[in-house]
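Worksheet: one structure, shown below.
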Amino acid sequence: AGIGAGAKVIGRKGPHPVESFERVVGVNLLGTFHVVRLAAWAMRDLEPLGPDGERGVLIMTASIAATAGVAGGVAYSASKGGVRALPRLRRPRSTSSPRRRAAIRTVGAGGSATRTRCGGATATGRGS
């Protein structure tokens, strides 16, 4: 989910309006970041779910636009690229205290063309 601005870096009427770029990044990337940080904060005090100490899983879904781009969607593609990077940016865990180790798994789903059973279509909408 997310919003888009439908503008290129430069168009017939001039450069991409910075306000609409900031709005798209604010909703798509900062909105995701705020949910992740608040959910992780709430999960840190949960009882571990298993022997590995895991207290929860955060799943972030980006878009094929994160890697392939979208024509006229520079803000959308940039914001989804940021969402795709979030699961990779994990704080190093402290080994000195089990209490400080939150053990919250992060997963980044999506962001690639995927074959489906629907007539060979992919996530990009193109057939194989």
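Please list 42-53, 69-80, 27-38 highest first by mean number of surrounding beta-carbon atoms within 10 Å per residue. All intermediate terms of the calculation are to be shown ahead of the outcome.
Details: 42-53: 11.2, 69-80: 20.6, 27-38: 15.6.
Final packing ranking: 69-80, 27-38, 42-53.
Starting from the Cα of S20, step 7 Å along the direction of its Cβ; do the same at D45; then give the gap between the two resulting points in nm.
4.4
From zero outward in steps of 5 Å, how is the percent of C-alpha pairs of the range 26-82 spread across the bins?
P(r) over the range 26-82, rounded to whole percents: 4, 18, 20, 16, 13, 10, 10, 5, 3, 0.
For L38 and I10 in one chain, what is 0.36 nm times their gap in residues minus the Cα-Cα distance, to one decimal in nm?
Details: separation 28, 0.36 × 28 = 10.08 nm, distance 3.62 nm.
In short, 6.5 nm is gained.
Throughout, read-outs are computed from the coordinates displayed, never taken from laboratory work. What you see is a predicted model; the values in this text were computed from it and never measured. Neighbour counts run over all protein chains shown; Cβ positions are idealised from the backbone, glycine included.
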